[in-house]
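**Q** Take this structure, written in structure tokens, and hold onto it; I'll ask about it next.
Every read-out reported here was derived from the displayed coordinates using simple, explicitly stated rules and does not represent laboratory data. The structure presented is a predicted model; accordingly, all values stated were derived computationally and were not measured. Note: ideal-geometry Cβ built from the backbone for every residue, glycine included; neighbour counts use all protein chains shown.
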Amino acid sequence: MKNVKYYECTICHKHFDKELDLMTCPDCGETGILEIIFDYDYIKTIVSREYFQTNKNYNIWRYLPFLTVSDKYTKDTLNVGWTPLYKSKRLKEILKIKKLYIKDDGQNPTQSLKDRASVIACLKAIEKGKETISCSSTGNAASSLAGNAAKLGLKTVIFVPKRAPVGKLIQLKAFDSDLIKVNGDYKAAFKLSKESIAYYGWYNRNAAINPHLVEGKKTVALEIAEQLGFQPTDWVVVSVGDGCTIAGVYKGFYDLLQVGLIKKIPKILGVQSEGCAPFVEAFRNNEELKEAEENTIADSIAVGIPRNPIKAMNAVKNSKGTFIAVKDSEILSSILLLSKTEGVFAEPAAAASVAGLQKALELKIIKESETATVIVTGNGLKDPQSLLNTITDWLLLEADIDEVKRHIEDTKEKKI
Ligand SMILES: *Cc1c(COP(=O)(O)O)cnc(C)c1O
């Protein structure tokens, strides 16, 4: 890892040798999340606009100079990253904003942004000679880990809360993971996974604890910037659970600023659900995070005790962004709004970013004259149930053309 200088604790700011096999700060314990400090002078000798222009690797590995894995096994992985960035025409008109882009990370191999972290976890496990990886997850980190591990021949032991949605559970079964449904919420699943990992010595994919995973997640920001010719939008909007994704978004832009590829870091808007909004509250009151209920349909961001509070708060503060909370009903409407205007089907936690953008525009936190990118973090088929519950107008006709004619006449006036 020539590109890395050292680890730094986000609490006590002590530095640790990059060759040490560390997860968290030895002095601060498990809340002492480590930041990986890169050697940008070294990275600058490799990356440039030309480097990207001639790089034919259209996946996460085109950003290897910014990552902490060796290139030894990168050929063997699933094809993670380089997801589409769509320029919005229709949704932009409805929301009334100058320019809007949609980063569809539901197009990753296991249909969520989590693949960007999981593939790194798998390669790290292989580098360390581990055969089993484990994590606790609200669902996507789990199914993503299981898929990426399956490709590389690693075993997975996965802890999920009782109510993880069926789309994610079925992926776990398909990818042959040892699936442990915990009779409790995500907090309970996290605790049990931690104890089990400590007992068995499996490789730990818990995103906040493992500092390498934010580095994988940051590739979403590297891509957004590159796809926009290194001129990212004024705002980037992303939903927030544990806080690792938003921390990654910031880190990606930070890296690019350090190597001179972008001129400024976009303001980052973190979106939570009102039913579980510990970041929104702590940010508003300028205080420490308090444990919250996990009361939302957006299961991927139903995180009552976020595990990465410092990095996530710094992402928003340092980028001069903010946090916002949206209602579950607004999340549901934004799933439909995004699908019918852009053809991108998002799971609830992913559509929360669209709901957050809409609210921020209403509140004039984001101005009409500004530009924004929303990150769609997961695909809608992961969790069809909440949307299914809202659909009442299923049509069933007799096999008779007259019935079809009547139906077409009836719905003629219907506007999209
Ligand atoms: C995990 C996840 C998030 C939030 O990421 P955190 O790192 O937990 O903040 C948002 N959306 C989806 C679809 C996710 O799976």
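**Q** Among 16-23, 402-409, how do they line up by average Cβ neighbours within 10 Å per residue, starting with the highest? The partial results should precede the final answer.
**A** Values: 16-23: 12.5, 402-409: 10.8.
Going from most to least packed, we get 16-23, 402-409.
**Q** Give me the one-decimal nm value for the distance between modelled label points at Gln258 and Asp178, 7 Å along each residue's Cα-to-Cβ direction.
**A** Inter-label distance under the simple model: 3.7 nm.
**Q** Still on this structure, please answer the following. Would you mind checking Lys327/Lys412; Lys92/Lys187; Lys114/Lys191; Lys128/Lys251; Lys99/Lys162; Lys263/Lys382 for any pair whose Cα atoms are more than 29 angstrom apart? Walk me through the numbers before you get to the answer.
**A** Numbers: Lys327/Lys412 32 Å; Lys92/Lys187 37 Å; Lys114/Lys191 20 Å; Lys128/Lys251 25 Å; Lys99/Lys162 40 Å; Lys263/Lys382 37 Å.
From the list (Lys327/Lys412; Lys92/Lys187; Lys114/Lys191; Lys128/Lys251; Lys99/Lys162; Lys263/Lys382), the Cα-Cα distance tops 29 Å for Lys327/Lys412; Lys92/Lys187; Lys99/Lys162; Lys263/Lys382.
**Q** Just want to confirm a number: the relative contact order over the chain, from Cα pairs under 8 angstrom separated by 6+ residues, in percent.
**A** Taking the mean separation of contacting Cα pairs over the length of the chain, I get 16 percent.
**Q** Could you check the simple spin-label distance between Gln53 and Ala399, using points 7 Å along Cα→Cβ, in nm with one decimal?
**A** 6.1
**Q** Ranked highest first by average number of other Cβ atoms within 10 Å, how do 76-83, 350-357 line up? Present the calculation step by step, with values, prior to reporting the outcome.
**A** Details: 76-83: 19.9, 350-357: 31.1.
Ranked by mean Cβ neighbours within 10 Å, highest first: 350-357, 76-83.
**Q** By counting other Cβ atoms within 10 Å of each Cβ, how are Asp383, Asp39, Asp176 ranked from fewest to most?
**A** In order of increasing Cβ crowding within 10 Å: Asp176, Asp39, Asp383.
**Q** If amide hydrogens are placed 1.01 Å from N in the peptide plane, which non-local residues have theirs closer than 5 Å to the one on Asn379?
**A** Sorted by chain and number, the residues that satisfy this are Glu347.
**Q** If packing is taken as the mean number of other Cβ atoms within 10 Å per residue, what is the order of 298-310, 130-142, 48-60, 358-370, highest first?
**A** 130-142, 298-310, 358-370, 48-60
**Q** What is the calculated FRET efficiency for Leu192 to Ser369, with r their C-beta to C-beta distance and R₀ = 51 Å, to the nearest 0.05?
**A** 0.55
**Q** Ranking Asp115, Asp185 by Cβ neighbours within 10 Å, fewest first, what do you get?
**A** Asp185, Asp115
**Q** Can you give me the C-alpha center-to-center distance between segment 162-227 and segment 344-404, rounded to a whole angstrom?
**A** Each part's Cα centre sits 25 Å from the other's.
**Q** Taking a ≥ b ≥ c as the square roots of the eigenvalues of the Cα gyration tensor of segment 226-345, is the shape rounded (a/c under 1.5), prolate (a/b larger than b/c) or oblate?
**A** Since a/c reaches 1.5 but b/c is at least a/b, the shape of segment 226-345 is classed as oblate.
**Q** For Met313, Met1, what's the fewest-to-most ordering of other Cβ within 10 Å of each Cβ?
**A** Met1, Met313
**Q** I would also like to ask the following. Taking 0.36 nm per intervening residue step and subtracting the Cα-Cα distance, what contour gain separates Glu288 from Thr132 on full extension?
**A** Numbers: separation 156, 0.36 × 156 = 56.16 nm, distance 3.50 nm.
Fully extending the segment from Glu288 to Thr132 adds 52.7 nm.
**Q** If I model a spin label at Leu20 and Asp39 as a point 7 Å from the Cα along the Cα→Cβ vector, what separation in nanometres do I get?
**A** The two pseudo-label positions are separated by 1.9 nm.
**Q** Report, in whole Å, the centroid distance computed from the Cα atoms of segment 256-330 and segment 124-140.
**A** Answer, in whole Å: 26.
**Q** His407: net charge of surrounding residues, Cβ under 12 Å, Lys/Arg +1, Asp/Glu -1, itself excluded?
**A** -3
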